[in-house]
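Written out below as structure tokens is the structure these notes cover.
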Amino acid sequence: MSENCNQNRNSCSEECAERQESRIDFSETLHDKSCVKKVIGVVSGKGGVGKSLVTSMLAVTMNRLGYHTAILDADVTGPSIPKAFGIKERALISEEGIIPVKSKTGIQMMSVNLLLEDDTDPVVWRGPILANTVKQFWKDVIWNNVDIMFIDMPPGTGDVPLTVFQSIAVDGLIIVTSPQELVSMIVTKAVKMAEMMNIPIIGLVENMSYFRCPDNGKDYQIFGESHIEEVAGQHQLPVLARIPIDPKISTACDRGMMEMLEGNWLDSTAGKIEEMEGTRK
Ligand code: ADP
């Protein structure tokens, strides 16, 4: 280590061995027939908070706005994207590469469930194989002219999401939380991971935020008081959306009808994505 090194990789400009080592590039290149202009990762602290739901709704929203959209389902042990879109067919594997499946409205998607013979088969692979599968979804799939790809990340900030971030050039992150969680800790961990990977955070989405009673129109905070604004403020991040608990959301998910779901909860998130540099149709 150089004697002038201040031991902070972000602020020190000394060229010591440690610094050079940190620049080892693990990134994977896309298939030479693929074109993906923008990649947005959707992360959460744990499973079941609605990360796949937010990923699917964002893809549908951007697709409705006229962007060619894709979803890479990196949640290999809990893949739920094909089911949310009612997809039963399997991806085609050709000599050239893997052809993603297209949803009814034309969203391209790849998920381990599109490769398994029976989508109820459990995926009981170890970490490195999980991470390699995601890498293959990036480099061996022929993504056709994609304006925006959403990655449904594995939950948490462990080994698999880290490898995914090192392998795939992600342009921005959206953090999904719910009021039941230790939001402050989860957001802080995600922010630290994003800083390590040098990926900008687009903002926070709070799911299952409240329930609007159809009888009296009042909002009830079923899972307790929300702390999202406070936590967002601590990290200078915007709260992009607050999605209610709504039976029409779970029904759309369970029946594979995400593309029929109406609701403007993610309109301002879509606006933020459109404002990102280089987002174009
Ligand atoms: P994750 O990807 O974080 O594991 P999912 O998006 O798969 O979570 O959501 C878990 C379950 O909760 C799904 O069955 C989904 O339909 C349901 N769900 C998620 N968000 C809502 C919501 N806002 N209202 C109703 N049901 C929801």
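The values are calculated or read from the model by the stated rules, or taken from the named source; none is laboratory data. Quantities reported herein were computed from a predicted structural model and do not represent experimental measurements. As a convention, Cβ positions derive from the backbone with ideal geometry for all residues, glycine included, and neighbour counts pool all protein chains shown. Side chains included, ligands, DNA and RNA excluded: accessible areas come from the protein's heavy atoms. Shrake-Rupley method; radii C 1.70, N 1.55, O 1.52, S 1.80 Å.
Go through region 32-54 and give me each residue that's more than 16 Å from the ligand (Cβ to nearest atom) and of a type outside the set (A, V, I, L, M).
Listed by number, the residues that qualify are Asp32, Lys33, Ser34, Cys35, Lys37, Lys38.
Output the residues belonging to region 209-233 that are touching a Leu at 6+ places or on another chain (Cβ under 8 Å) and closer than 19 Å to Asp246 by Cβ.
Ile228 - this is the single residue of region 209-233 that is touching a Leu at 6+ places or on another chain (Cβ under 8 Å) and closer than 19 Å to Asp246 by Cβ.
From Ile249, Ile273, Ile202, Ile228, which residue is aliphatic (A, V, I, L, M) and at pLDDT below 95?
Ile228
Which of the residues that make up region 216-272 are in a loop (DSSP other than H, G, I, E, B), open to solvent by 70 Å² or more (accessible area, probe 1.4 Å) and among the charged types (D, E, K, R)?
Within region 216-272, Lys218, Glu225, Arg255, Glu262 meet the criteria.
Yes/no per residue for (1) among the acidic types (Asp, Glu); (2) more than 10 Å from the ligand (Cβ to nearest atom); (3) more than 27 Å from Ser184 (Cβ to Cβ):
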| site | (1), (2), (3) |
| --- | --- |
| His235 | no, yes, no |
| Pro238 | no, yes, no |
| Ile245 | no, no, no |
| Glu262 | yes, yes, yes |
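Of (1) of a type in the set (A, V, I, L, M, F, W, C); (2) in contact with a strand residue (DSSP E or B) (Cβ under 8 Å, 6 or more places away or on another chain); (3) open to solvent by 70 Å² or more (accessible area, probe 1.4 Å), Val124 satisfies all except one. Which?
Condition (2) is where Val124 drops out.
Open to solvent by less than 30 Å² (accessible area, probe 1.4 Å), free of Cβ contacts under 8 Å to residues at least 40 places away in the same chain and either touching a Phe, Trp or Tyr at 6+ places or on another chain (Cβ under 9 Å) or hydroxyl-bearing (Ser, Thr, Tyr) (or both), is that true of Val76?
No.
Find the residue count for region 99-114, including only residues that are assigned to a strand (DSSP E or B) and either of a type in the set (Phe, Trp, Tyr) or crowded, with 23+ Cβ neighbours inside 10 Å (or both).
3
Within region 79-87, identify whether any single residue is within 12 Å of the ligand (Cβ to nearest atom) and among the polar types (S, T, N, Q), and answer yes or no.
yes
Which of the numbered conditions does Asn198 fail, given that it passes all the others? Conditions: (1) on the phi > 0 side of the Ramachandran plot; (2) in contact with a Lys or Arg (Cβ under 9 Å, 6 or more places away or on another chain).
It is condition (2) that Asn198 fails.
Would you pick out the residues in region 168-211 that are assigned to a strand (DSSP E or B), away from the ligand (no atom under 16 Å from the Cβ) and open to solvent by less than 30 Å² (accessible area, probe 1.4 Å)?
Hits for region 168-211 are Gly172, Ile202, Gly203.
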